[in-house]
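Trainee: One structure coming up, written as structure tokens, with questions to follow.
What follows draws every value from the coordinates through simple rules; no lab data is involved. Every value quoted in this text rests on a predicted model; they were computed, and no experiment measured them. Virtual Cβ from ideal backbone geometry, glycine too; neighbours counted across all protein chains shown.
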């Protein structure tokens, strides 16, 4: 990376404190980002990363301390944007009923007057081409018609766009959580170039390889405090995880637990032009792999739809579904943590056709302890939790049900490594007890944890891998099979 400029920091915060009731989200934090610097921000979910982002982008006023933009005291979203601060949120903020061009206009008030749509289309198309070559996204398309990966690409491009002023600091909060490996590498390549040219980036990512390869400096947070800030070159994956306060575990492929039975719980004939049938046995963890958007999510949705009664709701559910896009398909944003958990298990919590409050409360406390959900009160709003803890609630909802099969649509997006390890152990225990998991993941380390893997391309299964054949090399080879040299 380039040498960090000695000029005034783009943003700096001094002795900032933010409290949510008894929870100290930020506890006297000092933090800054200078021009030409890529700062990697890491820490477990709940460490304070999202809070510090919201302070920097002006969305949250600290209870104590000060924030400076280019040396000038200030605060608020307008002041932050005036100083070139942009933010790509983990929970995407695009309006799904508007086109890409119209969403661009919402973020850039300078697009106005006669012909603004044409100008906006030209600008966003050019930026998309620069960040994600070969993207194929129509600027006139309605955002709701795009895949989650395409929506993430659009939001990233909008925030790197120059209309009336240049972006000086772009905050990327889990920017590759919905992108496959090739798209993620395109973005990281662009980020490195942006920083070389004098821009600044604050990068939050659970993929530590991205942090190490892209950052010039890495800041580690824990329990609302900065515990270390050092040049990226001084860290390895092992020392970085140790700094975060977690125990490093081997990422090599885990051998099959050997608990899967011969009893097939799902058996499908070849579909979508595939020559390979699909099956899953009791106690197996089945992985769905391949480039994003090639039919993995569609298969999960079709399986879930087929298992659900189309006419009469039933107490017994054969399958449970854990969504990756929790804001769209997972959480009820206006409900409490407890209600988001208990909604999946109402028949067991009811008495005389009404929810039994004491049973529901005990159910919530039980699963809070089992999953390690970090909250002082399960009656707090679901959105008071960090992203990883929200995802734990969705896992708890599925695992608390009687479902014998759990479908998972890339559920670990934006989840820290410590939380992931906890969930992985839970999945293996549940599989050992006879539960079957069908798991789509965009992360190779997760795919390698599966007993068997089906690789998808163009909506069809193109390979079935098991044992030592479950490798990145074999998955990539199958993903690109049939392409011209």
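Trainee: Counting DSSP beta bridges with both partners in the chain, what percentage is antiparallel, nearest 5?
Mentor: Counting DSSP beta bridges with both partners in the chain, the antiparallel share is about 50 percent.
Trainee: Something else: On a 0 to 90° scale, report how tilted helix 116-131 is relative to the longest principal axis of the chain, with both axes built from alpha carbons and the result rounded to the nearest 10.
Mentor: 70
Trainee: Continuing with this model, one more query. Take every Cα-Cα distance within the chain, group them into 10 Å bins from 0 onward, and report for each bin the whole-number percent of pairs it holds.
Mentor: 4, 18, 29, 27, 16, 6, 0
Trainee: Additional query: What is the calculated FRET efficiency for residue 377 to residue 66, with r their C-beta to C-beta distance and R₀ = 25 Å, to the nearest 0.05?
Mentor: 0.20
Trainee: Name the residues of region 151-179 whose amide N is less than 20 Å from a point 7 angstrom out from the Cα of residue 118 along the C-beta direction?
Mentor: Counting only backbone N, you get 163-164.
Trainee: With everything on Cα atoms, drop me the angle between helix 181-196 and the longest principal axis of the chain, reported from 0 to 90° to the nearest 10.
Mentor: Roughly 10 degrees between the two axes.
Trainee: If the chain between residue 433 and residue 185 were fully stretched, how many nm would it gain, using 0.36 nm times the residue separation less the Cα-Cα distance?
Mentor: Residue separation times 0.36 nm, minus the Cα-Cα distance, leaves 85.4 nm.
Trainee: Based on the Cβ-Cβ distance from residue 276 to residue 402, what FRET efficiency comes out when R0 is 25 Å, to the nearest 0.05?
Mentor: 0.25
Trainee: Now for a separate question. Could you work out the helix-only [θ] at 222 nm for the chain, with each DSSP H run of four or more residues adding -39,500 (n - 2.57) and the total divided by the number of residues, to the nearest 500 deg cm²/dmol?
Mentor: Calculated from helices alone, the mean residue ellipticity at 222 nm is -9500 deg cm²/dmol.
Trainee: I would also like to ask the following. Quick check: from the Cα gyration tensor, does region 299-410 come out rounded (a/c under 1.5), prolate or oblate?
Mentor: Oblate is the answer for region 299-410, as a/c is 1.5 or above yet b/c matches or exceeds a/b.
Trainee: Give the calculated FRET efficiency between residue 472 and residue 237 to the nearest 0.05, with a Förster radius of 22 Å applied to their Cβ-Cβ distance.
Mentor: Efficiency, from the Cβ-Cβ distance: 0.85.
Trainee: Right, another one. Full extension from residue 333 to residue 262: what is 0.36 nm times the residue separation minus their Cα-Cα distance, to one decimal in nm?
Mentor: Full extension from residue 333 to residue 262 adds 21.5 nm.
Trainee: Can you work out D for region 171-214 in µm² s⁻¹ from Stokes-Einstein, where Rh is the Kirkwood radius over C-alpha pairs, the temperature is 4 °C and the viscosity is 1.567 mPa s?
Mentor: The diffusion coefficient I find is 123 µm²/s.
Trainee: Next up: Got a sec? How would 437, 278 order by Cβ neighbour count within 10 Å, fewest to most?
Mentor: Taking fewest neighbouring Cβ atoms as first place, the list is 278, 437.
Trainee: Looking at region 11-244, what % of its DSSP beta bridges pair antiparallel, to the nearest 5?
Mentor: Here the antiparallel bridges make up roughly 60 percent for region 11-244.
Trainee: If I fit a long axis through the Cα atoms of helix 357-371 and take the longest principal axis of the Cα atoms of the chain, what angle between them do I get, 0 to 90°, rounded to 10?
Mentor: Result, in degrees: 70.
Trainee: Can you tell me the order of 168-181, 339-352 when each peptide is scored by its average per-residue count of other Cβ atoms within 10 angstrom, highest first?
Mentor: Those peptides, ordered most packed to least, come out 168-181, 339-352.
Trainee: Going by average Cβ density within 10 Å per residue, which order do the peptides 405-413, 266-274 take, highest to lowest?
Mentor: Top of the packing list down: 405-413, 266-274.
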